[in-house]
Ligand SMILES: Nc1ncnc2c1ncn2[C@@H]1O[C@H](COP(=O)(O)OP(=O)(O)OP(=O)(O)O)[C@@H](O)[C@H]1O
Ligand SMILES: [Mg+2]
């Protein structure tokens, strides 16, 4: 049975590993995109300007209401359509080009992550101690300094647990991109099952790998939370 | 003798929250070495007035001058917004709830202002912060986080943090009101020593002992106006207004 997982032509080890690499890449590239969108959404919904608030709120509500897979289809097909329209406008003879499934995955998963992260960050902002912000003002710090030196470092403390959950969700949601033909862990597993007719073995393997990634994430997150809570007494 | 220099001057400060007029025209002048205690019953506008001085609260109208730099406010709009941060860095503030930055140690709390706002070199700011923490009796607590300190120790760190900016005057808003009774003394002692070294201080307080013995002037606020003002001995010996008389008989 071990030849099944062997490296090279005979086994599926290299295919599965390549799939895993794609999955990890996708998640890691999506994270900053999602965080960036999350910060934008949080700022928008906390802003004093009504239209901005409406925009932030609208984005969050829409993304939260859509099934992730639908978002993915809309991004993949819609963005592909736009890309080709743009290309043809630029150069009428351009051959139709495919929107990369990887990019579509990053954008779609990033948009979903961003919507939820926006809520987490907004909540974290609102739970920051106003008195500490005033203390910053009182010594003459600018709003930027207050944000960078007082709010942001403490934001992590309040946002980390929520963001950690979102990261783990997103890690699992990467499996969705297998339906738009990205060769991630999920898709390679399905291919292997199709060829070898050994669903139990390969799905179990995939389960173990996803599970291992989650456990690893949780260990790292716990470490980060411990760091962020440096100096904070357990229950104040 | 030369007339002591005016450090801070507030002229005709008004402040309304919506339709509630909290300050109805308050003027106050602090000269070098003055220690002014502001008294008044709860809701009389003491905190609001103090916070108007460094624009944590923007007055509805009035004028604040610190060290020759003035900010005029009309219809809730300060005329030269850019001076606000400048004025704030010249006025220290100590809060009832300490408001230390919980993610920084005592030493880092004290260094933050000089390094970030005044752009002092790190080493210099550190030396100064260490000296100040020693000055408030916390040389053995410098590397502790606020959560590891008692209320009295936290408030002394907050005082060192204000001092580190080398302010022209320090504003205190009920600095001992959040403390357990046995910790009040250590903070008052530090404040008393600041007064003795000639610091200009404006102190909102319920500590009658401090007002009587340490301050050079007492201001009694009532319903958003100064009801009575003068040297503490005179004021406490023969109150001129009925409201102040009632106030001191209540706190005694
Ligand atoms: N941000 C605010 N919005 C609305 N009303 C406010 C605000 N801040 C203060 N007030 C009101 O202004 C009045 C004066 O409040 P202030 O805090 O200045 O009183 P104080 O004299 O400091 O009282 P205390 O001794 O209880 O601290 C109170 O009626 C209070 O409810
Ligand atoms: Mg008050």
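The table that follows gives values for the structure above.
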quantity: Rg and Dmax [Cα atoms of chain B; Å; Rg one decimal, Dmax integer]; calculated: 18.1, 55
quantity: Cα-based equivalent ellipsoid, segment A:171-236: semi-axes from gyration tensor eigenvalues, Å; calculated: 37, 13, 7
quantity: Cα→Cβ-extended label distance, 7 Å offset, between residue A:217 and residue B:246, nm; calculated: 6.4 nm
quantity: Averaged over A:128-137, number of beta-carbon atoms from partner chains that fall within 10 Å; calculated: 6
quantity: For the protein assembly as shown: Kirkwood Rh in Å [reciprocal of mean 1/r, alpha carbons]; calculated: 26.9 Å
quantity: C-alpha long axis of helix B:181-196 to longest principal axis of chain B, angle in °; calculated: 90 degrees
quantity: P(r) of segment B:145-215 over all Cα-Cα pairs, binned every 10 Å from zero, in whole percent; calculated: 19, 57, 23, 1
quantity: Computed FRET value (nearest 0.05) for residue A:81 with residue A:198, which takes r as the C-beta separation and R₀ as 41 Å; calculated: 0.60
quantity: Nearest-ten-degree value, helix A:13-46 long axis tilted from longest Cα axis of chain A; calculated: 30 degrees
quantity: Approximate spin-label separation residue A:126-residue B:5, in nm, with each point projected 7 Å along Cα-to-Cβ; calculated: 4.8 nm
quantity: Segment B:101-228: projected area of the alpha-carbon convex hull, averaged over directions, in nm²; calculated: 8.7 nm²
quantity: Highest average packing first - A:35-48, B:227-240, Cβ atoms within 10 Å; calculated: A:35-48, B:227-240
quantity: Residue mean of other protein chain beta carbons inside 10 Å, B:96-102; calculated: 6
quantity: Cβ-based exposure ranking for A:207, B:52, A:214, in which fewest neighbours within 10 Å come first; calculated: A:207, A:214, B:52
quantity: Percentage relative contact order, segment A:24-182, counting C-alpha pairs under 8 Å, at least six apart; calculated: 34 percent
quantity: Angle in degrees between helix B:122-135 and the longest Cα principal axis of chain B, rounded to the nearest 10; calculated: 60 degrees
quantity: Principal axis dimensions, largest first and in whole angstrom, of segment A:1-118 by Cα; calculated: 62, 41, 22
quantity: Residue-averaged 222 nm ellipticity for chain B, from DSSP H runs of 4+ at -39500 (n - 2.57), nearest 500; calculated: -10500 deg cm²/dmol
quantity: Taking A:173, A:129 and counting other C-beta atoms within 10 Å, the order from fewest to most; calculated: A:129, A:173
quantity: Additional length obtainable on full extension of the chain from residue A:147 to residue A:169, 0.36 nm per residue less Cα span; calculated: 5.1 nm
quantity: C-alpha center-to-center spacing [segment B:60-117, segment A:10-79] in angstrom; calculated: 41 Å
quantity: Cα Rg, Dmax (largest Cα-Cα span) when computed across segment B:1-82, Å; calculated: 13.1, 47
quantity: FRET E, pair residue A:68, residue B:178, Förster distance 51 Å, beta-carbon r, rounded to 0.05; calculated: 0.60
quantity: Enclosed volume per residue, in Å³, of the convex hull spanned by Cα atoms of segment A:24-182; calculated: 136 Å³
quantity: Computed [θ] at 222 nm, deg cm²/dmol, chain A (DSSP H ≥ 4; -39,500 (n - 2.57); rounded to nearest 500); calculated: -24500 deg cm²/dmol
quantity: Residue mean of other protein chain beta carbons inside 10 Å, B:103-115; calculated: 3
quantity: Ascending count of other beta-carbon atoms within 10 Å, so fewest first, for B:141, A:230; calculated: A:230, B:141
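Where a number appears in this text, it was derived from the coordinates with a stated rule and is not lab data. In this text the structure is predicted, and so the values were computed from the model without any measurement. Note: ideal-geometry Cβ built from the backbone for every residue, glycine included; neighbour counts use all protein chains shown.
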